[in-house]
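Q: One structure is given below, represented as structure tokens, and several questions about it will come after.
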Amino acid sequence: MSRPRSNPLSYLSAQLDELKAKGTHFHLRVLDDQQAAVCSFDGRRVINLASNNYLGLTTHPKLREAALAATRKYGVGSGAVRTIAGTMRIHMELEEKIARFKNVEACVVFQSGFAANAGTVSAILGKDDFIISDALNHASIIDGARLSRAKILVFEHKNVAQAEEKLASVQDQPGKKLLISDGVFSMDGDIGPLPGLCGVAEKYGAIMMVDDAHSSGVLGRNGRGTIDHFGVHGRVDIQVGTLSKAIGALGGYVCGTRDLIDFLYHRARPFLFSTSHPPSVAATCLAALDVLESEPERIERLWDNTHYWKKELGLLGFDIGGKTTPVSETPITPILIGDGKLTMEFSRALFQEGVLGTGIAFPTVPEGKARIRTIVTATHTKEELQQALGVLKKVGKQMGIVA
């Protein structure tokens, strides 16, 4: 008689038990209706402060109609990867429209922002090259750097002088050099020092790359991003953006020269080995870009809500990155708690009182840096924000987070 087979994955259960003991284990919240400023998760109606839906475009009527029309005309899927039979005319229209919007020669759309970052960095560099990377760059940049097998030099967050020191230390080494930074950092909401970094890249002949995921639709003219915000057009060689946040749909993109995009068509593995977007998604993104141009008041409302939110959180005494003066310069406003277990307990208590503020702890952020990351949107009303502030004040006092 055969012996019972032992579970080779039992070590995962042990690690989950560790998370539970530390108080940082979580269950996925399930959205019952549409992604909106107020919606239902797990059967509870809550004010949603956890979404990347900056402009409320996930439910915009023009985007809904575009998706439905494309589905009726083209079906629900593309049926293949882009390089075989999956490049539809609507995919090319989207890439051309993004390129015009971003003021570059060409664009390629990926299945996600993560794939855009990881696929690009790993495609353009190899083991003899160097990557100079901000310490707080997104995980997709870090994974792309590792996949490239290039040598990675990390500089202190937003420290332009140290970035230059790192580049100077390898300037006589053979191999290409890539200087890379987030445009907006996703956990703290601060903006990368792009003018200084561009100057350093130019001085040492490095490739300059910016991940603009959280500034697409938020910063710059009509949401063109940090390159437009700082006026550094022509100084950033590779621009990465997302279609999954302010644009309201799904996907990522890379913008640059025609040769860069043609090369990525041939060598970026996520592009080569993933089925292309359903036509409904491409149509939705096209409609979203039209909305950015025709409804600038959405971005104005987003910033009005953002300034109000930061001011009121500071007045309540929450640590929003720099005690009562925020480090954040964007709609991302972290409420720093520090302890992972306390953060998760705070998040659960907020939810019970009608506010969704997701707790974020290690490994997403370093140990001791756990926080509730809040994001207000263009579609939150002042009354909803005031109600959320009241809940934060009440629960924060009960738990000793604020006085």
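Q: Taking the condition of being open to solvent by 20 Å² or more (accessible area, probe 1.4 Å) and in contact with a Ser or Thr (Cβ under 8 Å, 6 or more places away or on another chain), how many residues in the range 194-223 meet it? Steps first, answer last, please.
A: As a first pass, look at the range 194-223 and keep what is open to solvent by 20 Å² or more (accessible area, probe 1.4 Å): 195-196, 199, 202-205, 207, 220-222.
Okay, now just the ones that are also in contact with a Ser or Thr (Cβ under 8 Å, 6 or more places away or on another chain), so 220.
Adding up the residues that qualify gives 1.
Q: For Ile337, are the conditions met, namely being surrounded by 18 or more Cβ atoms within 10 Å (Cβ to Cβ), free of Cβ contacts under 8 Å to residues at least 40 places away in the same chain and either charged (D, E, K, R) or over 21 Å from Val46 (Cα atoms) (or both)?
A: On the way: surrounded by 18 or more Cβ atoms within 10 Å (Cβ to Cβ): yes; free of Cβ contacts under 8 Å to residues at least 40 places away in the same chain: no; either charged (D, E, K, R) or over 21 Å from Val46 (Cα atoms) (or both): yes.
No: the conditions fail for Ile337.
Q: If you don't mind, another one. Could you list, in sequence order, all residues of the range 113-154 that are open to solvent by less than 10 Å² (accessible area, probe 1.4 Å), touching a Leu at 6+ places or on another chain (Cβ under 6 Å) and assigned to a helix (DSSP H, G or I)?
A: Once the filter is applied, which keeps residues that are open to solvent by less than 10 Å² (accessible area, probe 1.4 Å), touching a Leu at 6+ places or on another chain (Cβ under 6 Å) and assigned to a helix (DSSP H, G or I), the range 113-154 yields only Ser148.
Q: Let me ask another. Scan the range 83-112 residue by residue and report those that are closer than 30 Å to Asn137 by Cβ, open to solvent by less than 20 Å² (accessible area, probe 1.4 Å) and not in a helix (DSSP H, G or I).
A: Ala106, Cys107, Val108, Val109, Phe110
Q: If you check Leu57 against the conditions, is it closer than 30 Å to Trp303 by Cα, open to solvent by less than 90 Å² (accessible area, probe 1.4 Å), touching a residue at least 12 places away in the same chain (Cβ under 8 Å) and in contact with a Cys (Cβ under 7 Å, 6 or more places away or on another chain)? Full working, then the answer.
A: Numbers: closer than 30 Å to Trp303 by Cα: yes; open to solvent by less than 90 Å² (accessible area, probe 1.4 Å): yes; touching a residue at least 12 places away in the same chain (Cβ under 8 Å): yes; in contact with a Cys (Cβ under 7 Å, 6 or more places away or on another chain): no.
It is false that Leu57 is closer than 30 Å to Trp303 by Cα, open to solvent by less than 90 Å² (accessible area, probe 1.4 Å), touching a residue at least 12 places away in the same chain (Cβ under 8 Å) and in contact with a Cys (Cβ under 7 Å, 6 or more places away or on another chain).
Q: Counting only residues that are more than 14 Å from the chain's Cα centre (by Cα) and open to solvent by less than 10 Å² (accessible area, probe 1.4 Å), which one in the range 228-253 is nearest to Ile124 (Cα to Cα)?
A: Our first condition is that a residue be more than 14 Å from the chain's Cα centre (by Cα); within the range 228-253, this holds for 228-238.
Then drop every residue that is not open to solvent by less than 10 Å² (accessible area, probe 1.4 Å), which leaves 232, 238.
Numbers: Val232: 22, Ile238: 11 Å.
Result: Ile238.
Q: Identify all residues within the range 1-31 that are in a loop (DSSP other than H, G, I, E, B), open to solvent by less than 90 Å² (accessible area, probe 1.4 Å), closer than 24 Å to Phe346 by Cβ and out of contact with any helix residue (DSSP H, G or I) (no Cβ under 6 Å at 6 or more places or on another chain); write none if there are none.
A: Matches in the range 1-31: Val30 only.
Q: Mind checking which residues of the range 369-403 are part of a loop (DSSP other than H, G, I, E, B), more than 22 Å from the chain's Cα centre (by Cα) and not hydroxyl-bearing (Ser, Thr, Tyr)?
A: First, the residues of the range 369-403 that are part of a loop (DSSP other than H, G, I, E, B): 369, 376-381, 399-403.
Subset that is more than 22 Å from the chain's Cα centre (by Cα): 381, 399-403.
Scanning the range 369-403 gives Met399, Gly400, Ile401, Val402, Ala403.
The values are calculated or read from the model by the stated rules, or taken from the named source; none is laboratory data. Fair warning: this is a prediction, and the values are worked out from it, not measured in the lab. Here Cβ is always computed from backbone atoms with ideal geometry, including for glycine, and neighbour counts include all displayed protein chains. Protein only, heavy atoms only, side chains kept; ligands, DNA and RNA dropped before computing areas. Shrake-Rupley method; radii C 1.70, N 1.55, O 1.52, S 1.80 Å.
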